[in-house]
1. Report ³J(HN,Hα) in whole Hz for each residue of segment 216-224, in order, from the Karplus equation J = 6.51 cos²θ - 1.76 cosθ + 1.60 where θ = phi - 60°; Gly and Pro get x.
2. Suppose R0 equals 22 Å. What FRET efficiency, 1/(1 + (r/R0)^6) with r the Cβ-Cβ distance, do residue 101 and residue 267 give to the nearest 0.05?
3. Rounded to two decimals, what is the ratio between the C-alpha radius of gyration of segment 81-202 and 2.2 N^0.38 Å?
4. Once amide H atoms are placed 1.01 Å from N in the peptide plane, what residues at a sequence separation of 5 or more from residue 73, or on another chain, have their amide H within under 5 Å of its amide H?
5. Per residue, how large is the accessible surface of segment 141-300? Use a 1.4 angstrom probe and give square angstrom.
6. Considering only the other residues whose Cβ falls under 13 Å of the Cβ of residue 295, what net charge follows from Lys and Arg at +1 and Asp and Glu at -1?
7. Which whole-Hz couplings ³J(HN,Hα) result when phi for each residue of segment 110-121 is put into the Karplus expression 6.51 cos²θ - 1.76 cosθ + 1.60, θ = phi - 60°, listed in order with x for Gly and Pro?
8. Take every Cα pair under 8 Å in segment 119-245 that's 6+ residues apart, average their separations, divide by the length, and report that relative contact order as a whole percent.
Amino acid sequence: MRKGAALVCTGAVAMSLFLAGCTGEGGKQGEDKGTAAPSGGAEDAGAPSQRARPAPRPPKSVAALGDSITRGFHACEPLSDCPEKSWSTGTSADVDSLAGRLLDKPSGHTWNFARSGAQVADLPVQTGEAIARRPDLVTVLIGANDACTGSPAQMTPVADFRTAVADSLDRLEADLPRTQVYVSSVPSLMRLWEVGRDSVLTRQIWSLGVCQSMLAEPSDLGAPATGRRAEVQDRVVEFNAVLEEECGRHPLCVYDDGAAFGYDFTREHLSRWDSFHPDEDGQKVLAEIAYDKLREARER
């Protein structure tokens, strides 16, 4: 069991109602709306300029890497993945996924290798699975579980986060030199706390184990609790800086410029089962952001 992660299952059903879900399975996809958050990009971190980007070929296939967000966990039913509502490769018309917007024939040409509960250390394995399929586009949304832990002390060190991201992107470029990569920023965990902290029901659900590094004692506005939340949010910002910097070193990699992090998600975007994972409306937002960013990149 992964240490202190809010995405880890316990034996009790109630304690399973948190970020990760119990499945941990990926593989080929089945049938197959606030206060603005701070920027999650690396503009203040001196991110390197991207090399001249060659024109990518129009994608005919998409592979998705990441965690429970990309698996659509809690988007349909409690304690279940719902890949058909994934922002990246889903088939639901309510979401209108990235693959659905880009591909003429999505059926049989999309793969969802994301795993509920995945941390960045799992990204290289998922990368290898995607390479075996040789997709034209790979999407990456990873890092929430590296910050959503039992306590801030358990969060993934930034250096380790960088190593896993860099290795994965390097390998994608080396093995699939014509494949485009889209990297999403990690959504703001502080924003989720802001949205849900006044709801009695949401606080009860969170107390069962959801992202305790950020969401423990959500009504506590004292200095220690406030400092703890700020530490977690700072780590997410650092993760996003890494994602931007490492993506910027690859000519066919497109970063979302912190758009997912900065989006003002509301309760209408979040699952009723945990007030944490995106529901179909939240998944649709992520799909729209990705589509817009890729279109902008093609028009440069």
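The values are calculated or read from the model by the stated rules, or taken from the named source; none is laboratory data. Remember, it's a predicted structure, so these values are computed and weren't measured experimentally. Glycine gets a Cβ as well: all are built from the backbone with ideal geometry, and neighbour counts include every protein chain shown. Ligands, DNA and RNA are stripped out before the accessible areas are found, and what is left, the full protein with its side chains, is counted by its heavy atoms. Shrake-Rupley method; radii C 1.70, N 1.55, O 1.52, S 1.80 Å.
1. Couplings: 4, 6, x, 8, 6, 10, x, 4, x Hz.
2. It comes to 0.30.
3. That ratio works out to 1.19.
4. Amide H neighbours of residue 73: 82.
5. Working: 5930 Å² over 160 residues.
Ligands and nucleic acids excluded, the result is 37 Å² per residue.
6. -1
7. Residue by residue, segment 110-121 yields 10, 9, 10, 9, 5, 10, 4, x, 5, 10, 4, 4 Hz.
8. Taking the mean separation of contacting Cα pairs over the length of segment 119-245, I get 33 percent.
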